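Since every read-out is calculated from the coordinates, none of them should be taken as a lab result. Keep in mind the model is a prediction, meaning the values are calculated, not measured. Cβ coordinates were reconstructed from backbone atoms using ideal geometry, including for glycine residues, and neighbour counts include every protein chain displayed.
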């Protein structure tokens, strides 16, 4: 462990400069390990679960994904910041809610922006959003540690003067209970319903508007991303977004052609205490239903399956998934630390997608009902667009159901 800590604390390739550099940030793990580095973004401290993300692009979309609430993100790609930040790439819809990630962990100092879409330096953007960062960490060693021991609780702290209450930080890291049993959806869901008509971004055109919708869709917001809403609108949907605690009666009173269950953070079993009864009633109504991420997990709970905490989770934009209904393999964007236990799926709930990394469940559909869901993020942002077809699949289900 001593060798690992030494590797993690190396601030730069110029090892001889270490005695002259004063740490301005610390990452303190729950087991007492202290990793020294250099702070950026907001000053202060934040506690959460440390995960690693293997995506090479899309750091702004990742940092504003509400599904990362309660987590400190380690980027395995060493150079972060080269495209700066802008308002178009933000994925958080509810700007008044708590931001997604609580902290960010980097190998190298933030790269200066060099992109025509850059409106702000990443450091200034992080500071404005209250996100704490630490660089100078050997992220390869930290990633290896997570793969061996699982995702640890930790505190990240940033102080320009380099003065820290180390005892207090260790105590806070140990005291944080972890994500199991934690309902984080109230931190990120919308407080009232609203409509959405913005369609996907196009080169040199920006975002469009859906002015001739074919479908009326109600999207339940457990921490929904903007690009999900854009892709729904792009498939001809007028989308009404409702808070996570909205009842099935209120949803069905809106006479939707389809119901969408969104992504979100935390333990699905905790959120499911109030979400599952609503989902069961929507399923029983025969309304076409599509779930993603947390929505997928709670759909699994609603039909009688169980969810489980993953050892290291799936976070990145390069995860291979096989669609069992077509045999096609797609490269997907993922962000989850819980999964549906496929061994507990009841009769009538068919596994449709599976991870080719570890065989974990990545999709289900209900036999004889217009209901399906996937564990990963078909909307990407960031990531490949291999899975956009699922939004068309949802539109086709609604179209068939309307004709029937």
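What the table shows:
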| read-out | value |
| --- | --- |
| Alpha-carbon centroid distance for the pair the stretch 264-301 / the stretch 122-161, whole angstrom | 32 Å |
| Mean separation of Cα contacts under 8 Å (6+ apart) over length of the stretch 2-175, as relative contact order % | 34 percent |
| Net length gained if the chain between residue 312 and residue 43 were fully extended (0.36 nm per residue, minus Cα distance) | 94.1 nm |
| Length added when fully stretched, residue 57-residue 117, from 0.36 nm per residue minus Cα-Cα | 20.2 nm |
| Antiparallel bridges, percent of DSSP beta bridges restricted to the stretch 185-403 (to nearest 5) | 60 percent |
| Computed helical MRE - 222 nm, the chain, DSSP H runs ≥ 4 contributing -39500 (n - 2.57), nearest 500 | -7000 deg cm²/dmol |
| Label-to-label distance, nm, for residues given as residue 351 and residue 124 (7 Å Cα→Cβ offset) | 5.0 nm |
| Contact order normalised by residue count of the chain, Cα under 8 Å, 6+ apart, percent | 15 percent |
| Order by protection proxy (mean Cβ within 10 Å, highest first), peptides 244-255, 48-59, 310-321 | 48-59, 310-321, 244-255 |
| Antiparallel DSSP beta bridges within the stretch 2-175, as percent of all bridges there, nearest 5 | 65 percent |
| Proxy reagent accessibility, fewest Cβ within 10 Å first, across 209, 147 | 209, 147 |
| Directionally averaged projected area (convex hull, Cα atoms, the stretch 2-175), nm² | 9.9 nm² |
| DSSP-defined antiparallel bridges as percent of all bridges, the chain, nearest 5 | 65 percent |
| Simple label model, 7 Å out from Cα along Cβ direction - residue 205 to residue 22, nm | 5.5 nm |
| By average C-beta atoms within 10 angstrom, highest first, the peptides 122-133, 331-342 | 331-342, 122-133 |
| Protection-proxy order for peptides 29-41, 105-117, each taking the mean of Cβ atoms within 10 Å per residue, highest first | 29-41, 105-117 |
| Angle in degrees between helix 139-149 and the longest Cα principal axis of the chain, rounded to the nearest 10 | 60 degrees |
| Among 92, 24, 344: highest mean-square fluctuation, GNM of the chain, C-alpha pairs under 10 Å | 344 |
| Rg [Å, one decimal], Dmax [Å, integer] - the stretch 260-305, C-alpha atoms | 9.5, 28 |
| Cα-based shape type of the stretch 185-403, given that a ≥ b ≥ c are square roots of the gyration tensor eigenvalues and the cut on a/c is 1.5 | rounded |
| Cα-based helix-to-principal-axis angle, 166-175 vs the chain, degrees rounded to 10 | 20 degrees |
| Kirkwood estimate for the chain, i.e. one over the average of 1/r between Cα atoms, Å | 21.6 Å |
